[in-house]
1. In segment 136-157, what residues are free of Cβ contacts under 8 Å to residues at least 60 places away in the same chain and either surrounded by 21 or more Cβ atoms within 10 Å (Cβ to Cβ) or more than 30 Å from residue 413 (Cα to Cα) (or both)?
2. Would segment 7-22 turn up any residue that is open to solvent by less than 50 Å² (accessible area, probe 1.4 Å), in a loop (DSSP other than H, G, I, E, B) and hydroxyl-bearing (Ser, Thr, Tyr)?
3. For residues that are under 19 Å from residue 264 (Cα atoms) and modelled with pLDDT of 85 or more, tally how many sit in segment 12-33.
4. Given the condition of a type in the set (Asp, Glu), over 14 Å from the mean Cα position of the chain (by Cα), open to solvent by 10 Å² or more (accessible area, probe 1.4 Å) and at pLDDT 85 or above, answer yes or no: does some residue in segment 111-119 qualify?
5. Please enumerate the residues belonging to segment 32-57 that are in contact (Cβ under 8 Å) with a residue 40 or more places away in the chain, part of a helix (DSSP H, G or I) and either farther than 30 Å from residue 247 by Cα or open to solvent by 60 Å² or more (accessible area, probe 1.4 Å) (or both).
6. What is the one condition in (1) open to solvent by less than 10 Å² (accessible area, probe 1.4 Å); (2) outside any helix (DSSP H, G or I) that residue 352 does not satisfy?
7. For segment 251-264, indicate whether the set of residues that are modelled with pLDDT of 90 or more, crowded, with 20+ Cβ neighbours inside 10 Å and outside any helix (DSSP H, G or I) is non-empty.
8. Can you tell which of 270, 325, 358 is surrounded by 22 or more Cβ atoms within 10 Å (Cβ to Cβ) and not in a helix (DSSP H, G or I)?
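The values are calculated or read from the model by the stated rules, or taken from the named source; none is laboratory data. Predicted, not measured: the structure shown is a model, and the values here were computed from it. Note: ideal-geometry Cβ built from the backbone for every residue, glycine included; neighbour counts use all protein chains shown. Side chains included, ligands, DNA and RNA excluded: accessible areas come from the protein's heavy atoms. Shrake-Rupley method; radii C 1.70, N 1.55, O 1.52, S 1.80 Å.
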Amino acid sequence: MFLSGTPLAIAFAFGSSIIALFSMGMSLEALAQIFFSSINSYPLLACPFFILAGNLILRSGGMVPLSDFVKATFGTLPGGLAVAGIIFAAFLGSISGSAAACLAIIGTVMVPIFVEAGYDRPFAAGLAVTSAELGLLIPPSLFFIIFGALNRISIVDLFMGGVGMGLLTAFFMCIVAVIICKKRKYATMPKASWKVKKQTFIKVLPLIFMPVIVLGGIYGGFFSPTQAASVATLYSLLIGLFVYGGLNFKGIIDAAIDTAKISSMIYFLIIGSDLMGRMFAYVELPQMITGYVAAMDLGPLGFLLMVNAVLLVMGFFFSSLPMVIIVLPLFIPSVISLGIDPVFYGVLAVTNSLIGEITPPMGPQLWIAAPVCKEKMGAIAREAWPFLGAWVAAMMTATFFPDIVMYLVRVFR
């Protein structure tokens, strides 16, 4: 069904249902109960709230002040506009948690600025599509919420690990961007005065406070990730209505409709993937993998390198969300048996999955980027490769130096 083009959620759910009904002898009532219990999860409730918060921010009217602030602060440096775009995306990730929302904003706000400044549009689009993925790595990340909720791993710990991994990836991307910009002799922006910097900073302060309130509340123990998501939604609504003034009744309705569409897609995938995961457990696939890994005697580092290679290859053919829900949990028994912290594994594995969002032939983000950035998908993919190399370099660096990811996790545990 998958190879014939059937939607993944239906392929997973229908194919697994046949096994459950005719091989395991499960009743339809039990099957229906599994469907319900898959998404009857308090932590998963954070997903639609964070998506709604991101959609409200997108329509709040605060994106132009944010863009102005980042340009005024970083645009005068060598390759500064490209660095500004990466930092812009990283900050968007901390307030939206969605790569699609980040890409929509960067593609409509930053890419025209790049082109006007003399940057090639394919380069601007390649930078945009790879930078947007930071929205699923820097907390609050929907993928960390889903992975943690489904595998009973602390979402707060995953968020903390995502901070180190996200900043490292953004740093490597900035290095690549500066090298390319210097080589191609892209122009820098005129130097902004301290008065302009101060004015843009004041305008963007309400947006800066959002991740401080949300993440500070989570790490300070004031509320859970799900409660933080509802706080983010309320805060986005208030600043969109009363601070930036970009929100109106139609904008709120549109944000709610987009949220319902994206959330429904995620929940249907979770339902189908959870049932497929139960079928894997029925045939004892995780135990087989654990036995195979034990027989290879790889050790923790060797195992992580092997998993990195496997997930990178799989990313060429599978979308990241099904990988996070189905594939990543298969290795958790092996992770535990080797004494690897599941949080560290989760951060590395999710990073691997996100790289697959941009690698053809699947590359779902490339399909979104083409119309948003008004460029051909092939041209975007070619310019994205150096930045994907930065992602891989960051992931391998973290594999060999786990403290980059785990330092904040240990501090806040």
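1. Hit for segment 136-157 is 138, nothing else.
2. no
3. Going through segment 12-33 one residue at a time, the tally reaches 4.
4. Checked segment 111-119: no residue is of a type in the set (Asp, Glu), over 14 Å from the mean Cα position of the chain (by Cα), open to solvent by 10 Å² or more (accessible area, probe 1.4 Å) and at pLDDT 85 or above.
5. 34, 35, 38, 39, 45, 49
6. Here residue 352 meets the rest and fails (2).
7. Looking for residues that are modelled with pLDDT of 90 or more, crowded, with 20+ Cβ neighbours inside 10 Å and outside any helix (DSSP H, G or I), one finds none in segment 251-264, hence no.
8. Testing whether each residue is surrounded by 22 or more Cβ atoms within 10 Å (Cβ to Cβ) and not in a helix (DSSP H, G or I) leaves just 358.
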